[in-house]
Amino acid sequence: MDPILPVSLMLLTTSFFVPQTDLDVAREPADVAYVPPTYQYRTDRKGDVHDFDFINGSWKVLNRRLKQRGIGSNEWDVFPGDIWARVLMNGVVNVDEVDFPTKGWKGTTFRHFDLEKRQWSIYWVNNRDGKMQSPVWGGFEGNVGLFFGEDTDEGRPVKVVYRWTRLGPDYATWEQAFSYDDGKSWETNWKSEHVRVKR
C-alpha cells in the first residue's frame, strides 16, 4: 500500500519546492488542534545497521525552521534544500551533504553504527562555523527513528531529539526538537520533508 503523505510532500513531488502558503507553514502552537510533541529522553535506544540504507541517493527537501527558538515563537522560515547521501561499509557508516541554495550555506551529517552497542551516533557540522555539534544516539523501531542527545542553544542547555520517519522508499521526514526544561516539554524547531530524486 502506498504511504499516506503530507500535503506539502505531495506538492513537493511535482514542484520540488512550494512557496510559503498556509498549507506549508507549520502553525503548531497557534493551531487549536496542536498537541506539543512528547518524548521520553533516553540515550540507550537500539537500532539496526541497515536503518539508514534508504538515505542513499539524492533528495529534494522542503524545510520549515523556527525563526526564533525557545520563546514560544510561531514564525517559520520555509526554504528548499538539496541532499546527496552515500551509505558506506555495508551500512555501518553514511554521510550526506545538504545545500541550502537560498541561504548560502551547507551542512554535512555523519552517521556511525556501533555494531556492539547496536546504536547509531549522528554528528552535524555546517560550513558557517565548521564546528562539529554534539552527537545524538538512537535507532529505528519500525519506520520511526528517535535519536537523543544534549547540547546548548545560545548558551542555554538543551536536550535534543531527532525524529526520522520513513514513508516508503522515496519519501521521508525529519524533525528536530529541543527541551529547555530537562525533557519535561519539547519544542519542534525544524522540520524537513524529503522526496527522492529519481535519475
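Structure data summary
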{"item": "Residue in the stretch 75-82 that is over 15 Å from residue 193 (Cα atoms) and touching a Phe, Trp or Tyr at 6+ places or on another chain (Cβ under 8 Å) present", "result": "no"}
{"item": "Which numbered condition residue 67 misses (of (1) charged (D, E, K, R); (2) closer than 22 Å to residue 189 by Cα; (3) at pLDDT 95 or above; (4) surrounded by 15 or more Cβ atoms within 10 Å (Cβ to Cβ))", "result": "(4)"}
{"item": "Test: residue in the stretch 117-125 that is hydroxyl-bearing (Ser, Thr, Tyr), at pLDDT 95 or above and more than 13 Å from residue 176 (Cβ to Cβ)", "result": "yes"}
{"item": "Near pairs, Cβ below 6 angstrom, 6+ apart or cross-chain, from the stretch 39-57 (among the hydroxyl-bearing types (Ser, Thr, Tyr)) to any residue that is in a loop (DSSP other than H, G, I, E, B) and surrounded by fewer than 17 Cβ atoms within 10 Å (Cβ to Cβ)", "result": "41/183"}
{"item": "Elements of type strands (runs of 3 or more DSSP E) contained in the stretch 153-199, each with 1 or more residues being over 17 Å from the mean Cα position of the chain (by Cα)", "result": "156-166"}
{"item": "Residues satisfying the stated conditions in the stretch 58-94, i.e. within 17 Å of residue 123 (Cβ to Cβ) and either polar (S, T, N, Q) or touching a Lys or Arg at 6+ places or on another chain (Cβ under 6 Å) (or both)", "result": "94"}
{"item": "Output for the stretch 32-57, where each listed residue is more than 18 Å from residue 148 (Cα to Cα), in contact with a Lys or Arg (Cβ under 7 Å, 6 or more places away or on another chain) and surrounded by fewer than 18 Cβ atoms within 10 Å (Cβ to Cβ)", "result": "56, 57"}
{"item": "Where residue 107 falls short, out of the listed (1) surrounded by 15 or more Cβ atoms within 10 Å (Cβ to Cβ); (2) touching a helix residue (DSSP H, G or I) at 6+ places or on another chain (Cβ under 9 Å)", "result": "(2)"}
{"item": "Inter-residue pairs, beta-carbon under 7 Å, first farther than 23 Å from residue 50 by Cα and in a strand (DSSP E or B) and in the stretch 70-97, second among the small types (Gly, Ala, Ser) and at pLDDT 95 or above, 6+ apart", "result": "81/192"}
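Conditions (1) under 14 Å from the mean Cα position of the chain (by Cα); (2) surrounded by fewer than 16 Cβ atoms within 10 Å (Cβ to Cβ); (3) within 20 Å of residue 46 (Cβ to Cβ); (4) of a type in the set (Gly, Ala, Ser), marked per residue:
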| site | (1), (2), (3), (4) |
| --- | --- |
| 81 | yes, no, no, yes |
| 89 | no, yes, yes, no |
| 102 | no, yes, no, no |
| 111 | yes, no, yes, no |
| 122 | yes, no, yes, no |
| 139 | yes, no, yes, yes |
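The values are calculated or read from the model by the stated rules, or taken from the named source; none is laboratory data. Treat the numbers as computed from the prediction; the structure is a model and nothing was measured. Ideal geometry is used to build each Cβ from the backbone, glycine not excepted, and the neighbour counts take in all protein chains shown.
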